[in-house]
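Here the structure is laid out as structure tokens; the discussion comes afterwards.
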Amino acid sequence: MAECKEKLFTEFPPISTETWMNKVTEDLKGADFSKKLVWRTNEGFEVKPMYRAEDIANFKTTDSLPGEFPFIRGTKIENKWLVRQNLEVETPSESNQKINELITKGVNSFGLKLKKDFINKDDIETLLNGIDAEQYELNFICCQMKVKDLILLVTEYFKSKNYNLSKCSGSFNGDTIGPMMLKGHIVPNFFDTLKADLDASDELPKYRVLNVNSEIINNGGSYISQELGYALAWGNDLIVKMLDAGYEIDKIAKRIKFNMGIGGNYFMEIAKFRAARMLWAQIVSQYSPKCGCSAKMKVNAATSEFNMTIYDANVNMLRSQTEAMSAALAGVDSIVVTPYDITYKNPDEFSERIARNQQLLLKEESHLDKVVDPSAGSYYIENLTVSIAEQAWKTFLEIEDKGGFIELVLKGEIQKNVNNSAAKRMQAVSSRREILLGTNQYPNFNEFALDKIQKDEHNASCGCECNKESDFEKINTSRLASQFEKLRLDTEKANNRPKAFMLTIGNLAMRLARAQFSCNFFGCAGYENIDNLGFSTVEDGVKAALEAKSDIIVLCSSDDEYVELAPKAQELIADKAILVVAGAPACMEELKAKGITNFINVKSNVLDTLQMFNEKLLK
């Protein structure tokens, strides 16, 4: 077989780009190619519908190999990532038992969120008892003021167990910059604390103690290139401050860990992590490290909470599955899959098991860990990588010109920019320019969520003073679905659940399509929808609607028929219910002149319209 190699598809003649474009232009029948098929991303660059070899011909990004500078194809020569699960340590003994159980279930990295009361010798020994620190990655998360004490306690514990400290890996994450963005207040002298942490960790060379937690920015609603640009600027600030304090670049860079989010844009997230490694390597190299490995980026990636929902929550599993797949294909070091029910309760055993198995499925059944950077050479992803890198680098340089990341955090500018991005994304969802399945499109009409909500997702605290009043703007922690969920929860809380009756009449195709559209529309607010097969007269339809005690009567027909049917329906309904016309007929202005003011169509702002109806109908 080896002697009979031949190229595939040799019987097909090569097709030039010009030929393809001529065919596309012909099929568009005069429509503008750039407006019809070229997609402009939120990041500010354009994506074409097709790419060819010449589109990556001049890219230097395609020249490197896995494990080689600038690490665009990965910092390792194999795609092995750690399956990480985060735990809230309520009691050290119970958490220890859970960790030992999770080890048998495929988890090999742990994020241990510690209360400051547990940072003492006895509790650390209880928590880590029986856990081989040379085999499993341990990431400790606690209040910044207690990190140094924790490092010393963990180091002493490892020594007591005769561990080879050079083989123990993990991180100590006591971030202060993140809480400043979330809580909006200044933490004084926090760099002095970071210096103390760095010194205390000398005996644990594979533990990272300087953290870039851009996951906060991701969950705040940032755009992809925005998160990356801010993460790079954040990391660079850590380098600059530590260099000024007298530390060498190799020591600093090898102690920085990036904890990043993973959004729902599948291909662009793959490109983001590839671009991140490349840009970070370029930044570190400018400080002339002695070891090339200092330029390797260490990344833990967590699936986003920003796009997760309370209603139709099982869909969150689908979202986090593709997000985890993006990170796995992109070659990150560890992945956290956020449990699907985290938006309304503390995850239970079932949701945690599903989250673990989502990663294990990618490893054990899909074998994604067997291939390094499978997207390399893809015309599309290579172009996305370069485009995202360019946008992120532009953001990075703008921040540097203004004094650096932390300076802008203290001014509230970073938080303001993230909030502005989130507001634009929410506006896109409210008008259905972007779809959030089960929330602003195809909702489960008869789902109720009020009784399952067990926690206030905005009332978290680490137990220190970071919950005090804000000194400057903070990141808004609302999720993409929050405003729609408030609509539905308000409907559930009300004494009367509004009814929307579909008065279907006339043209069969149009009335069916518009009834389906209208049911989806009002279902987004949790209204009871009453659909119908059709009525022969308006009188029959209105009579049935009023007998059903409907609050809203939606006239579903064709544009031509609305001229006659809508005024007749309005006259019969009077003030007994609200008439809504489905569509945007040419006779809309004529109907408005007759007092018919409610229309719903694809150009409607779904959120604003439903908020208006809620104000009228809910008691």
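No value in this document is a laboratory result; all are computed from the given coordinates. Model, not experiment: these values are computed from the prediction. Note that we place each Cβ from the backbone using ideal geometry, even for glycine, and neighbour counts take in every protein chain shown.
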With θ set to phi - 60°, apply the Karplus curve 6.51 cos²θ - 1.76 cosθ + 1.60 along segment 405-421 and write out the HN-Hα couplings as whole Hz, x wherever there is a Gly or Pro. 4, 5, 4, 6, 5, 5, 8, x, 6, 4, 4, 4, 5, 5, 5, 5, 5
Kirkwood hydrodynamic radius, computed over distinct alpha-carbon pairs, for segment 297-446: how many Å, to one decimal? 18.1
Let's see if you can work this out: charge +1 on each Lys and Arg Cβ, -1 on each Asp and Glu Cβ, no other charges. What is the dipole magnitude of the chain about its Cα centre, in debye to the nearest 20? 300
Students often forget the sequence filter, so: which lysines lie under 21 Å Cα-Cα from Lys23 once same-chain residues fewer than 8 apart are removed? Lys35, Lys36, Lys48
The relative contact order of the chain, taking Cα pairs under 8 Å that sit 6 or more residues apart, comes to a percentage of 13
By the mean-Cβ-within-10 Å protection proxy, highest first, 594-602, 446-454, 494-502, 250-258 rank as 250-258, 494-502, 594-602, 446-454
By average C-beta atoms within 10 angstrom, highest first, the peptides 66-77, 563-574: 66-77, 563-574
Can you give me the distance in nm between label points at Ala513 and Glu68, each placed 7 Å from the Cα along the Cα-to-Cβ direction? 5.5
Note down the nm distance, to one decimal, between modelled labels 7 Å out along Cα→Cβ at Lys416 and at Asp369. 4.6
Roughly what % of Cα-Cα distances in segment 2-51 sit above 14 Å, to the whole percent? 67
Treat each spin label as a single point 7 Å out from the Cα along the C-beta direction, and report the Lys594 to Leu165 distance in nm. 8.6
Relative contact order [Cα under 8 Å, 6+ residues apart], segment 494-617, whole percent: 27
Taking just the alpha-carbon atoms of segment 502-619, what radius of gyration and Dmax come out, in angstrom? 12.9, 37
Could you let me know the centre-to-centre spacing of segment 402-455 and segment 97-116, using Cα atoms, in angstrom? 30
Length-normalised contact order of segment 19-172 in % [C-alpha pairs under 8 Å, at least 6 apart]: 15
Counted neighbours (other Cβ, 10 Å), sorted fewest up, put Asp608, Asp341, Asp401 in the order Asp401, Asp608, Asp341
Go ahead and collect, in residue order, the members of segment 311-335 whose backbone nitrogen is under 13 Å from a label point 7 Å along the Cα-Cβ direction of Phe350. 313-314
Hull volume in cubic angstrom per residue (convex hull over the Cα atoms of the chain): 209
Given charges at Cβ of Lys, Arg, Asp, Glu: segment 494-617 dipole, positive-most of Asn496, Ala548, Met588: Asn496
Per DSSP, loop trypsin sites (Lys or Arg not before Pro) in segment 504-552 with at most 15 further Cβ within 10 Å: Lys549
Dividing the alpha-carbon Rg of segment 80-193 by 2.2 N^0.38 Å yields what? 1.09
Phi angles of segment 566-583, converted by Karplus (6.51 cos²θ - 1.76 cosθ + 1.60, θ = phi - 60°) into ³J(HN,Hα) in whole Hz with x for Gly and Pro, give 5, x, 5, 5, 4, 5, 6, 6, 6, 9, 7, 6, 9, 8, 10, 9, 8, x
Using the scaling law 2.2 N^0.38 Å as the reference, what is the normalised Cα Rg of segment 41-137? 1.75
Restricted to the chain, the DSSP antiparallel beta bridge percent, nearest 5, is 5
Classify segment 70-417 as rounded, prolate or oblate from the Cα gyration tensor: take a ≥ b ≥ c as the square roots of its eigenvalues, call it rounded if a/c is under 1.5, otherwise prolate when a/b beats b/c and oblate if not. rounded
Rank-order 12-25, 289-302, 49-62 by packing density, defined as the average count of other C-beta atoms within 10 Å over each peptide's residues, highest first. 289-302, 49-62, 12-25
Quick one: what are the phi-derived ³J(HN,Hα) couplings along segment 114-130, Karplus 6.51/-1.76/1.60 with θ = phi - 60°, whole Hz, x for glycine and proline? 9, 6, 5, 5, 8, 8, 8, 4, 5, 5, 5, 5, 5, 5, 9, 4, x
For Tyr311, which sequence-distant residues (separation of 5 or more, or a different chain) have an amide H within less than 5 Å of its own amide H, given hydrogens modelled in the peptide plane? none
The number of Lys pairs in segment 494-617 whose alpha carbons lie under 14 Å apart, excluding pairs fewer than 8 residues apart on one chain, is 9
DSSP bridge pairs, segment 14-147: antiparallel proportion in percent, nearest 5: 15
Quick query: amide H of Leu436 versus all other amide H atoms, modeled in the peptide plane; which residues come in under 5 Å with a sequence gap of 5 or more or a different chain? Gln441
Considering amide H positions built from the backbone, and no H for Pro or chain starts, which residues 5 or more places from Asn211, or on another chain, come under 5 Å of its amide H? Lys257
